[in-house]
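Participant: Structure in structure tokens, see below.
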Amino acid sequence: MIELYYWTTPNGHKVTMFLEEVGLPYNIVPVNIGAGEQFQPEFLKISPNNRIPAIIDTEPATGDEPISVFESGAILVYLAEKTGKLLPEDSRDRAEVLQWLFWQMGGLGPMAGQNHHFNQYAPEKIDYAINRYVNETGRLYAVLDKRLADREFVAGEYSIADIASYPWIVPYERQNQKLENFPNLKRWFEAIQARPATVRAYEKAEAFKNQTLDIEKSRAMLFNQSANTIQR
């Protein structure tokens, strides 16, 4: 059984997509990040960076004590290795998947995240920041579009590289992007969107979307952290 500490963010969706795809039993432990639940001591024990998602594998392959993993990319690799699915064993094919997984973790996710912040959440509109991150998001869309010109999925076969990137494309309108400008990406996006496992994963999120919060308190929880937040 996988205990999934989860909220309805792109990084949270990655893990439910994988678990639904491979049919691995799991239980969702909601962590309402807008309410500050990511700072609870019991959560920090498994996710010291106070970010979701995180998992506890209560039945690791070694048969030893439960294993906890934080960071969505690390979780995908761990689960892929545990199940032997969606990450090839062949060295060349594996490298293809991992480099595109890291591309998402180091590029698409952070840049789209800053895009979201300055477009949607920042208390003041800063044109330079908005233009910077909208343009960089578009550049990364173009990189992915070009990659998909001659293959169905990012690394050929469907893999954790696709699962990692897809949730960051879902809010493309909020990122001021048009899928029509990226036809290969659009075809890929619609194919993943239609997968039964993707549908089930996003249906899971619906149970948590109606939890309303004070927007100012939520903003303070999510965006006003500093070294003091960790050290106190």
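Participant: Cβ contacts < 9 Å: first residue touching a residue at least 24 places away in the same chain (Cβ under 8 Å) and within 12 Å of Ile52 (Cα to Cα), restricted to region 65-85; second residue in a loop (DSSP other than H, G, I, E, B) and among the β-branched types (Val, Ile, Thr), any location; separation 6+ or different chain. Result?
Facilitator: Between residues of region 65-85 that are touching a residue at least 24 places away in the same chain (Cβ under 8 Å) and within 12 Å of Ile52 (Cα to Cα) and residues that are in a loop (DSSP other than H, G, I, E, B) and among the β-branched types (Val, Ile, Thr), the close pairs are Phe70/Ile46; Phe70/Ile52; Ser72/Ile52.
Participant: What residue, among those in region 183-231 that are of a type in the set (Lys, Arg), closer than 25 Å to Tyr166 by Cβ and part of a helix (DSSP H, G or I), is modelled with the lowest pLDDT?
Facilitator: Lys204
Participant: Can you tell me which condition Ala35 does not meet? The list is (1) buried (at least 19 other Cβ atoms within 10 Å of the Cβ); (2) touching a Ser or Thr at 6+ places or on another chain (Cβ under 9 Å), and all the others hold.
Facilitator: Of the numbered conditions (1) buried (at least 19 other Cβ atoms within 10 Å of the Cβ); (2) touching a Ser or Thr at 6+ places or on another chain (Cβ under 9 Å), the odd one out for Ala35 is (1).
Participant: When you go through Tyr141, Tyr158 one by one, which is the residue that is of a type in the set (Ser, Thr, Tyr) and touching a Phe, Trp or Tyr at 6+ places or on another chain (Cβ under 6 Å)?
Facilitator: Testing whether each residue is of a type in the set (Ser, Thr, Tyr) and touching a Phe, Trp or Tyr at 6+ places or on another chain (Cβ under 6 Å) leaves just Tyr141.
Participant: Out of everything in region 54-70 that is of a type in the set (D, E, K, R) and closer than 15 Å to Glu81 by Cα, what residue ends up being surrounded by the most Cβ atoms within 10 Å (Cβ to Cβ)?
Facilitator: Here the answer is Asp57.
Participant: While we're here: For region 71-100, enumerate the residues that are touching a Lys or Arg at 6+ places or on another chain (Cβ under 9 Å) and either outside any loop (DSSP other than H, G, I, E, B) or surrounded by fewer than 16 Cβ atoms within 10 Å (Cβ to Cβ) (or both).
Facilitator: Ser72, Gly73, Ile75, Leu76, Leu79, Trp100
Participant: Tell me whether region 48-62 contains one or more residues that are under 16 Å from the mean Cα position of the chain (by Cα), farther than 23 Å from Asp162 by Cα and not assigned by TED's automatic domain parsing to the domain that holds Val170.
Facilitator: Yes: one or more hits.
The values are calculated or read from the model by the stated rules, or taken from the named source; none is laboratory data. Fair warning: this is a prediction, and the values are worked out from it, not measured in the lab. Methodologically, a virtual Cβ is constructed for each residue, glycine included, from the backbone with ideal geometry; neighbour enumeration extends over all protein chains shown.
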